[in-house]
Structures are given as C-alpha cells and as structure tokens.
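So the structure is just underneath, and the comments pick up after that.
The values are calculated or read from the model by the stated rules, or taken from the named source; none is laboratory data. Nothing here was measured: the structure is a model prediction, and the numbers come from that model. Don't worry about glycine lacking a Cβ; one is built from the backbone with ideal geometry, like all the others, and counts go over all protein chains shown. To get the accessible areas, we keep the full protein, side chains included, count just its heavy atoms, and leave off ligands, DNA and RNA. Shrake-Rupley method; radii C 1.70, N 1.55, O 1.52, S 1.80 Å.
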Amino acid sequence: MKKLAITLVIVLGLLVAADYGAASFAEYQVSQQMKKQLKLAEDPSVRVHGFPFLTQAVAGDYKDVEVAAKAVQAGQLKELGVEANLHHARLPLNDVLAGKVNKIDVDELVGRMKLKASDVGRIIGITDLTINPAPKDALDESSGDGGSSSSGDGSGGTGQGGATDSSRAAVALDGTIGIAGTNVRVKVIAVLSLLNGQLKIEPKKLDLADRSLSEIPMGDVFEESILQQFTTTLDPGMLPFEVTPTAVRVERGALVMEGKADNVTIGPGGVSTG
C-alpha cells in the first residue's frame, strides 16, 4: 500500500511537471507572435491561466492568456505598460507542437495601457509626481476637505443620477512646484477622461499639502496658474491590437486606459475583428 501511494505521488508529480512544461512551451510561442504584433524590442511575458493546461491544449481553447510588456516607448511616453487578456484564444494543438503559431483567434480581447507617474511627471515638469485614486467624494463641494476649488462641473467617474461613467475617473496628483520662490508640495484632485482616444487631465481642486505654507495668499489667478501645471492631454496611441479605448481608471502610481473587442484574429496580416 505504501509503495502504491509513493508511485501515485511520483506519477502525479510527473503529470504536473509535464503540464507546466507544456504551458511554458505554448507561452513562448504566443510571446513570439505578440512580439511581432506589438513591434516590441523584447519578448513580452505571457501567462496561460487555468489548470490543467493540457486539457486546454488538446481542445485548442485557452480560457485566459495574459500578455504584458513593460517600458514600451510611444511618442512622449518612455515607460508605457501594455497589457492584454485573450479570453478563449484558439490555438490548434498541431501548430503549438510544431512551433508555428502564425494565427490566433480570440473570442474577446481586453487591452490596457498603463501610464506611470514617472512618465506623466516628466511630461508635465513635476519630477516627483505621485498618482493615486481619489476618494469618491473628492470633488464634492460639501465634502469639507478644506481645499480650494476651481471652476468645473465637479463630476468625476459618475454621470447623471450617480450612474457610473467608465470614461471618467477622479485622480489625486501630488507633486512639488515653485511658489513665490519656494518649493511647495501641492495636491490636486483632477478629472481623468477620454478625448478622441487620448487621456485628458483636468485639475478641479487644489490643496497645499505642505500645511506650514498654507498661509500663502491664493488669488484666483494664482490658483489657476498652479492648476494649469497639472493640466495636460496624453496620447499613448492605440491600445494593444488596435482596440479602441472606452474606459479609464486610476491605480496607485499609474493612469490606466482600457478597451475590448470581440472576435479578434491576430495573424501575419495584422489584426482584424469580426
């Protein structure tokens, strides 16, 4: 009985090892195809989610393939994070075994771009910029946070009647700027939105994070000039595989654009959607 148990453990271990080995081989094949389509200098990381892998391989249907590339250059941006999840990626087993993955059919593709704080800060001239999700009531005039407010509709991430608007989000931006010859750390609450495929940052509320300098007189014109330093429109280009961006959100340290497409074919001729 003991020998049988040991044998079963060994067999299971070999099966698991074979499963992970096969998954790694398939991930490499997908990585090479993604490298071509994204025109990357380095191989992107690829992870096939779901266990066991071999049942997915035999069916030729991979439920969730995650692709990620870091520090991609696009226009002004030098550290762009590019990600995609391929839901139900169709890869014939014979093509994978032969190492000839020339075409991938995908039921649903979700693409993301992550604009890092260091990249955004470099563009707007605030080198120590930090990015964080803003509280849901950050732009509510009745929230009583003590900060100054500028003109604007005060909305961020919601539409009429409180309905969620995925094309807008509230973001907290923190950084050091020069005021009256002194370096002062300020915090800005802004609205992040999509504008013709670009990412627009519109500051709405200003707060002096350095409380020791909170007595500095802040006229409307002076305040607007500070807010203007955080105002910008960023163009990272098209999302992975020509997906049109439809949503924005904020992560700690990054601004995120996201979109999805159905019935996508990724092949030598490029990307097509059905």
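Points to keep in mind about this one:
Here is a yes/no grid of residues against (1) more than 17 Å from ASP119 (Cα to Cα); (2) at pLDDT 75 or above:
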| position | (1), (2) |
| --- | --- |
| GLY144 | yes, no |
| SER150 | yes, no |
| LEU173 | no, yes |
| GLY178 | yes, yes |
| GLN228 | yes, yes |
| LEU239 | yes, yes |
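- First in the stretch 178-189 and part of a strand (DSSP E or B), second anywhere and open to solvent by 60 Å² or more (accessible area, probe 1.4 Å) and among the acidic types (Asp, Glu), Cβ under 9 Å, 6 or more apart: ILE189/ASP145
- Inspection of the stretch 51-67 identifies at least one residue that is at pLDDT 80 or above, among the hydrophobic types (A, V, I, L, M, F, W, C) and closer than 30 Å to THR232 by Cβ.
- Scan of the stretch 48-90 for residues that are in contact with a helix residue (DSSP H, G or I) (Cβ under 6 Å, 6 or more places away or on another chain), over 16 Å from LYS103 (Cα atoms), open to solvent by less than 30 Å² (accessible area, probe 1.4 Å) and not in a strand (DSSP E or B), ordered by number: PHE53
- In the stretch 92-136, the residue that is nearest to VAL191 (Cα to Cα) out of those that are among the hydrophobic types (A, V, I, L, M, F, W, C) and touching a Phe, Trp or Tyr at 6+ places or on another chain (Cβ under 8 Å) is ILE124.
- Residue check: LYS204 meets all listed conditions (1) of a type outside the set (S, T, N, Q); (2) crowded, with 19+ Cβ neighbours inside 10 Å; (3) closer than 20 Å to ASP119 by Cα; (4) modelled with pLDDT of 90 or more but one, namely (3).
- For ASP137, the conditions (1) out of contact with any Ser or Thr (no Cβ under 7 Å at 6 or more places or on another chain); (2) free of Cβ contacts under 8 Å to residues at least 24 places away in the same chain all hold with the exception of (1).
- Verdict on GLY121 being in a helix (DSSP H, G or I), open to solvent by less than 60 Å² (accessible area, probe 1.4 Å) and of a type in the set (Gly, Ala, Ser): yes
- Positions within the stretch 32-47 being crowded, with 18+ Cβ neighbours inside 10 Å, within 20 Å of the chain's Cα centre (by Cα) and outside any strand (DSSP E or B), in sequence order: MET34, GLN37, PRO44
Residues checked against (1) in contact with a Lys or Arg (Cβ under 9 Å, 6 or more places away or on another chain); (2) open to solvent by 30 Å² or more (accessible area, probe 1.4 Å); (3) over 17 Å from LYS35 (Cα atoms):
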site: GLU224; (1), (2), (3): no, yes, yes
site: GLN228; (1), (2), (3): no, yes, yes
site: THR233; (1), (2), (3): yes, yes, yes
site: LEU239; (1), (2), (3): yes, no, no
site: VAL250; (1), (2), (3): no, no, yes
site: ALA254; (1), (2), (3): yes, no, yes
site: LYS260; (1), (2), (3): no, yes, yes
site: GLY267; (1), (2), (3): yes, no, no
site: GLY270; (1), (2), (3): no, no, no
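- Among the criteria (1) open to solvent by 30 Å² or more (accessible area, probe 1.4 Å); (2) part of a loop (DSSP other than H, G, I, E, B), the one ASP107 does not fulfil is (2).
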